[in-house]
1. Using r as the Cβ-Cβ distance of residue 50 and residue 85, and R0 as 25 Å, what FRET efficiency do you calculate, to the nearest 0.05?
2. Stretch residue 101-residue 74 to full length: gain in nm at 0.36 nm per residue minus the Cα-Cα span?
3. Nearest 0.05, what FRET efficiency do residue 60 and residue 92 give at R0 = 25 Å with Cβ-Cβ as r?
């Protein structure tokens, strides 16, 4: 059995969390960011609602986003596949229709 890689403590002299984490993956500047309390509260609200996809928070975000951009609607989607599927439906693409795509779309596909 191999020994797990040892994490090195943060070496940034400006890091407020010095020695509590390893910032070597993202670089020392990553440890200087502190998420605002309102963002923590929003995340906790979503987690407590148990609606990680959909739910009141997503509906509120969609409405606010649409209003900001002057759109009549907005839909938050889970991933690119859902976005592609929705785009094809909006364009009335039917089974059997020809769709031309580049040979390399994404490393994941």
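Here, each number is a calculation from the coordinates, and none is a lab measurement. Everything quoted here is computed from the prediction, not taken from an experiment. Positions of Cβ are generated from backbone atoms using ideal geometry, with glycine treated the same way; all protein chains shown enter the neighbour counts.
1. 0.50
2. Numbers: separation 27, 0.36 × 27 = 9.72 nm, distance 2.53 nm.
Stretched out fully, the residue 101 to residue 74 stretch lengthens by 7.2 nm.
3. It comes out at approximately 0.25.
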